[in-house]
Each structure stands twice: as structure tokens, then as C-alpha cells.
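Report on the structure given below.
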Amino acid sequence: MQVIKDKKIIDDNWSYLSDDTEPKAGNITVSLARWRQDKTQLLNYNGQIGVRIASVDSVADIANDLPNLQLIELDFSDFADGRLFSQAWLLRSRYGYQGEIRATGHYMSDQVFYLSRVGVNAFRPDNAEHLTVELSHLNDFTVNYQKSVN
């Protein structure tokens, strides 16, 4: 699978580890619940680690852990729920997170420009055929009227 990162299509070297699966190798993301439960074990994992945030989660819960996380996945369960836009903005502006923030799940291609404005720098569409469309949407506008995190 490929993703968009920093306005380029690249191979995805991350995998999501469900709550009932043991880590094997490679870069993994886990749910916030799993992070809370297995944090000590995961900090010793031999690979990069990330946390998947749902719209009902709060990034304040991982604020102190951000230096140990290389990826924050924002898992959009519904394209009409905008709470993850706020979570991305908080990660960049309030908590100073410099790592990768990736949109996954059910977001719309038309939203990628706006997601990038609040700090999302990577996108993993449900359908790989949407990669080039989403990449083009990152350049929808050349003039911004409001300040942003980027």
C-alpha cells in the first residue's frame, strides 16, 4: 500500500496492530487503549511506534508521550465528524508535535487541503486509486485568508 506524505506518494512502511495481536517486526501503530495498557512494553519495542486516535479520544492523553511516538494516526470513522481536525491542530500548535500526523479512514478527498492546514502531513485513503486525486487536492488553493499551523 502507498500513502501520501509531505505531498509525495511513498510506500507505507507502517501497519496497524489490533488490540489482540502481538507485535512481530516493523513499524506499528496501536489504539490509544492499547497504548495506555501496554505502554511500558511498547516503549521497548524494536521498531517505530505510533498511536491511532479516534474522534472520541483526546490527544491530551498522550501529550507527555509525544516524544516517544513517530506517528499519530487520526482514524476518521465518519467524514462528517470534524473533531479530528481539532486534534491535529492541537498536536501541532499546543503540543509542538513534529512527527507524522496521518489521516486514515473515512475522510473525503476534498478535505485533504483543509486537513493539511491544521497539521496533517500524511494521508492513507481507503482506496489506493484515490492517491493521485488526493495529492492534487493538496494544491486546491494558492492563497490562504487565515493563519494556520503550516
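The values are calculated or read from the model by the stated rules, or taken from the named source; none is laboratory data. Keep in mind it's a predicted model, so treat the numbers as computed, not measured. A quick note on method: Cβ atoms are made from the backbone with ideal geometry, for glycine too, and the neighbour counts reach across all protein chains shown. These area figures cover heavy atoms from the full protein model, side chains too; ligands, DNA and RNA do not enter into them. Shrake-Rupley method; radii C 1.70, N 1.55, O 1.52, S 1.80 Å.
Keeping all protein chains in the complex and leaving out DNA, RNA and ligands, what accessible area do you get for ARG94 with a 1.4 Å probe, in Å² to the nearest 10?
Accessible area of ARG94: about 150 Å².
For the chain, with every protein chain kept in place, what is the accessible area per residue (1.4 Å probe, Å²)?
Computed with neighbouring chains in place, this is 55 Å² per residue.
Listed highest first by mean packing, meaning other Cβ atoms within 10 Å per residue, what order do 66-73, 9-16 come in?
Going from most to least packed, we get 66-73, 9-16.
Radius of gyration and Dmax for region 14-130's Cα atoms, expressed in Å?
Rg and Dmax of region 14-130, Cα atoms, are 13.6, 39 Å.
What number, in nm² with one decimal, is the all-direction average of the projected area of the convex hull of the alpha-carbon atoms of region 41-94?
4.0 nm²
Can you pull the percent of the chain's accessible area that's carbon plus sulfur, 1.4 Å probe, other chains left in place?
47 percent
Rounded to the nearest 20 debye, what is the charge dipole size of the chain about its Cα centre when +1 sits on each Lys and Arg Cβ and -1 on each Asp and Glu Cβ?
Roughly 580 debye for the chain.
State, to one decimal in nm, how far the label point of GLN70 lies from the label point of TYR45, with both points 7 Å from Cα in the Cβ direction.
1.1 nm
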